[in-house]
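**Student:** Below: one structure in structure tokens.
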Amino acid sequence: MDALVNKRIAKVIKGDQDAFAEIVELYQHQLYQICYRMLGNKHEAEDIAQEAFMRAYVNIHTFDQKRKFSTWLYRIATNLCIDRIRKKKPDYHLDAEVRGAEGLNMYSSIANDDELPEDELVKMEVQERVQYEISRLPDKYRAAIVLKYIEELPLAEISEILDLPLGTVKTRIHRGREALRKQLSNL
Amino acid sequence: MKTCPDYIVQYMNDYLDGDLEPSKERVLKENLATCQDCQKIYHELNKTIAFVQSASHIEAPKGFVEATMSKLPKQKQRSGAQRWFKQHPLLTAAAIFFVMMSAALFSDFNNDQQFSFTKQPNVIVEGNTVIVPEGEVVTGNIKVKNGNLRVDGELHGDVTVVNGQYMASSGVITGEVEEIDQAFDWLWYSIKDAFKDAASIFSNDGAMIEE
């Protein structure tokens, strides 16, 4: 598999754009899935997955062919997803008090789409609910959980993708798993 | 209510990651057998993992490959040209040389609008006209730029007039007469001249040393 991919990469570097289409073909579903689970939105997932492929194409000459291509590609994608998640987040702290409104914090002034009421949750299908709970995890736990349980990657590879020491990856998976356990305990 | 010790939860996590030492695994199992809260947590953790893993594998939308490919920057042609240059270094060098050379010559032609001529001892200058006076004999070539030439006497050599006129007269010229008006002619002349010089270096090797 790796040898096959490296052959395509060599062609792409020589200027053969069609060879890159074959790479996209190979990885499209996995990459899209990571983006979808991270972002919880189909349009955004498509957008970011395409962006990730585009960046891989433009920077293909910087890829070290002794390494695993998927690791490199997933790294580009997860970084883009985390950037996107952070950009969407408002730049203020939710529990900061709103000026001039004593006792009111930002929690009370945002729309309810961030946290759904109990009866809404009950109506959700299991699949939907799981996705919803994943997308409520803090982004650093989310990336680790998605790579571990949805992509089923070994911890060593996750540590390379996220550019984090193995111990940190484990901690994030533990915390993410613990948070999900609590969030899903009523299911 | 009794809360389970943190290290037991840590053991559970390590166990789920598949890297709990056997001695600790025994501790964990004993604990799970006796503590209902721990059992509950352990059970929930497993359930959570099962739920997350059961999230159906979704696929990229149809036409994803085409859409992605259409967004790529069009680098193909540029890299094609680059490749060509890499494969033909000699031709590339030659092409660059000619471009630079002609650019230099053209700019020479355009910037050098001043009247100038080859200095010879017995010519006179009237305005923009170089005159070989009657009765005088000039030996050697004369080149006039941006001016005219009139030969009334005798000239033993070639005449080149750039951007000017050679005025036919009663004089005698033993060499060639050439008038150059246009940039392209000038370029051609310069190249020809360069080759002539080169040729003369090769053919007159011996002669030059004698000089």
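The values are calculated or read from the model by the stated rules, or taken from the named source; none is laboratory data. Because the structure is predicted, anything quoted here is derived from the model rather than measured. Counting neighbours? That spans all protein chains shown, and the Cβs are built from the backbone with ideal geometry, glycine included. Ligands, DNA and RNA are excluded from the accessible area calculation, which covers all protein heavy atoms including side chains. Shrake-Rupley method; radii C 1.70, N 1.55, O 1.52, S 1.80 Å.
**Student:** Within region B:6-21, which residues are over 17 Å from B:THR48 (Cα atoms) and assigned to a loop (DSSP other than H, G, I, E, B)?
**Tutor:** B:ASP19, B:LEU20, B:GLU21
**Student:** In region B:9-24, how many residues are touching a helix residue (DSSP H, G or I) at 6+ places or on another chain (Cβ under 7 Å), closer than 16 Å to B:LYS40 by Cα and not aliphatic (A, V, I, L, M)?
**Tutor:** We begin by selecting, within region B:9-24, every residue touching a helix residue (DSSP H, G or I) at 6+ places or on another chain (Cβ under 7 Å); these are B:9, B:11-13, B:15-17, B:20, B:24.
Imposing the further condition that a residue be closer than 16 Å to B:LYS40 by Cα reduces the set to B:9, B:11-13, B:15-16.
Next, only the ones that are not aliphatic (A, V, I, L, M) stay: B:11, B:13, B:15.
Number satisfying all stated conditions: 3.
**Student:** Starting from residues that are within 14 Å of A:ALA77 (Cβ to Cβ) and within 12 Å of another protein chain (Cβ to nearest Cβ), keep the ones in region A:145-166 and report whichever is most open to solvent (accessible area, probe 1.4 Å).
**Tutor:** Among residues in region A:145-166 that are within 14 Å of A:ALA77 (Cβ to Cβ) and within 12 Å of another protein chain (Cβ to nearest Cβ), the one most open to solvent (accessible area, probe 1.4 Å) is A:GLU151.
**Student:** Which condition from (1) in contact with an Asp or Glu (Cβ under 7 Å, 6 or more places away or on another chain); (2) free of Cβ contacts under 8 Å to residues at least 40 places away in the same chain is the one that A:GLN127 breaks?
**Tutor:** (1)
**Student:** Let me ask something additional. Output the residue which, of all residues in region B:127-142 that are closer than 17 Å to B:GLN114 by Cβ and surrounded by fewer than 18 Cβ atoms within 10 Å (Cβ to Cβ), is modelled with the highest pLDDT.
**Tutor:** B:THR129
**Student:** If you take the residues in region A:167-187 that are within 11 Å of another protein chain (Cβ to nearest Cβ) and among the β-branched types (Val, Ile, Thr), which one is surrounded by the most Cβ atoms within 10 Å (Cβ to Cβ)?
**Tutor:** Across region A:167-187, the extreme among qualifying residues is A:VAL169.
**Student:** Please work out which one of (1) over 21 Å from the mean Cα position of the chain (by Cα); (2) within 10 Å of another protein chain (Cβ to nearest Cβ); (3) not aliphatic (A, V, I, L, M) is the condition A:ARG8 fails and give its number.
**Tutor:** With (1) over 21 Å from the mean Cα position of the chain (by Cα); (2) within 10 Å of another protein chain (Cβ to nearest Cβ); (3) not aliphatic (A, V, I, L, M) applied to A:ARG8, the lone miss is (2).
**Student:** A follow-up question, please. When both residues are 6+ apart or on different chains and their Cβ atoms are under 8 Å apart, which pairs have a first residue that lies in region A:45-66 and is more than 12 Å from A:PHE20 (Cβ to Cβ) and more than 10 Å from every other protein chain (Cβ to nearest Cβ), and a second that is of a type in the set (D, E, K, R) and assigned to a helix (DSSP H, G or I)?
**Tutor:** A:ILE48/A:ARG84
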